[in-house]
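Undergrad: I'd like to ask you about the structure that follows.
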């Protein structure tokens, strides 16, 4: 198993459940791109430079410091972060239990697994099953590395997941969008609503995350292969002329599009359109 971030406990009421915190994220499939000097294609690297001497600093000589006065620093180690509050640094302190469905998706941030610690299996299973039966999430305070987070502890199958949450002040509201009054007052017709519901029902499916993958990553690799085969490895591709904007929503026959989508098979039509969009086009540099 991967190395845990820390060993601590979930605390709710007078109960402490020994747990170990693990990251639940895998590294994203981003391309490993190198910065280049376009004049000679030489790599441009990152450097840790001492601002006083101008010399590069090895990683083993880099420490963290807080500037408490101009040009005066106090060095902080991992032990200092722990000593700031030993209990908070390794405790998932549940503050309240709320209905999981009441937490809007935009509040969720980063997932972690909470694995049961030694001799904590019984209490762990009790908390997991009780929350699952009640449909509740535990709203908690937790310190991860050097920052305190608000988090939601939720049951997921046999495990407990801790998902850090964004604070209310970090999330924009619909009011921030300045939604036009015309949209606020618009109500779809009964026929439009019925047709949209039919389309949604036709495209309904079970949530199986393994069915979905990063198609853009694949397309970008194909584009790279195209440039290599065409001998355009050092050419900077010029942007294409912008296409004319699609018709505005004011002149689109919404009912006609909904009807065509339903008649076209809903999910099948959407998948066909998705594959069409993914078909790469060969473009030569200008």
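Undergrad: Any residue in the range 198-225 that is within 24 Å of residue 26 (Cα to Cα) sitting within a Cβ distance under 7 Å of a residue that is surrounded by 10 or more Cβ atoms within 10 Å (Cβ to Cβ)? List the pairs, counting only those 6 or more apart or interchain.
TA: Close Cβ pairs (under 7 Å, with a partner that is surrounded by 10 or more Cβ atoms within 10 Å (Cβ to Cβ)) amount to 214/29; 215/278; 217/29; 219/278; 219/280; 222/280.
Undergrad: Among the residues that make up the range 93-101, is at least one of them over 25 Å from residue 21 (Cβ atoms), part of a strand (DSSP E or B) and either without any contact (Cβ under 8 Å) to a residue 40 or more places away in the chain or in contact with a helix residue (DSSP H, G or I) (Cβ under 6 Å, 6 or more places away or on another chain) (or both)?
TA: No, because not a single residue in the range 93-101 is over 25 Å from residue 21 (Cβ atoms), part of a strand (DSSP E or B) and either without any contact (Cβ under 8 Å) to a residue 40 or more places away in the chain or in contact with a helix residue (DSSP H, G or I) (Cβ under 6 Å, 6 or more places away or on another chain) (or both).
Undergrad: Kindly indicate whether residue 22 is modelled with pLDDT of 90 or more and part of a strand (DSSP E or B).
TA: Judged against the criteria, residue 22 is a match.
Undergrad: Continuing with this model, one more query. Given the criteria over 30 Å from residue 138 (Cα atoms), touching a strand residue (DSSP E or B) at 6+ places or on another chain (Cβ under 7 Å) and in contact (Cβ under 8 Å) with a residue 12 or more places away in the chain, does residue 64 qualify?
TA: For residue 64, the condition - over 30 Å from residue 138 (Cα atoms), touching a strand residue (DSSP E or B) at 6+ places or on another chain (Cβ under 7 Å) and in contact (Cβ under 8 Å) with a residue 12 or more places away in the chain - is met.
Undergrad: Further question: Regarding the range 86-103, can at least one residue be identified that is in the same structural domain as residue 137 (by TED's automatic domain parsing) and over 27 Å from the mean Cα position of the chain (by Cα)?
TA: For the range 86-103, residues in the same structural domain as residue 137 (by TED's automatic domain parsing) and over 27 Å from the mean Cα position of the chain (by Cα): present.
Undergrad: Tell me whether the range 156-166 contains one or more residues that are surrounded by 10 or more Cβ atoms within 10 Å (Cβ to Cβ), modelled with pLDDT of 90 or more and under 17 Å from residue 15 (Cα atoms).
TA: Checked against the condition, which is being surrounded by 10 or more Cβ atoms within 10 Å (Cβ to Cβ), modelled with pLDDT of 90 or more and under 17 Å from residue 15 (Cα atoms), the range 156-166 yields at least one hit.
Undergrad: Follow-up. Assess whether residue 75 counts as being over 30 Å from residue 113 (Cα atoms) and surrounded by fewer than 10 Cβ atoms within 10 Å (Cβ to Cβ).
TA: yes
Undergrad: Being in a loop (DSSP other than H, G, I, E, B) and touching a strand residue (DSSP E or B) at 6+ places or on another chain (Cβ under 6 Å) is true for just one of 54, 8, 4. Which residue is that?
TA: It is 4.
Undergrad: From 31, 14, 21, which residue is touching a helix residue (DSSP H, G or I) at 6+ places or on another chain (Cβ under 9 Å) and exposed (fewer than 10 other Cβ atoms within 10 Å of the Cβ)?
TA: Matching residue, one of 31, 14, 21: 31.
Undergrad: So residue 265 passes all but one of these: (1) modelled with pLDDT under 80; (2) outside any loop (DSSP other than H, G, I, E, B); (3) surrounded by 13 or more Cβ atoms within 10 Å (Cβ to Cβ). Which condition number does it fail?
TA: Just one mismatch for residue 265, condition (2).
The values are calculated or read from the model by the stated rules, or taken from the named source; none is laboratory data. What you see is a predicted model, and the numbers here were worked out from it, not measured in a lab. Cβ: placed from backbone, ideal geometry, glycine included. Neighbour counts: every protein chain shown.
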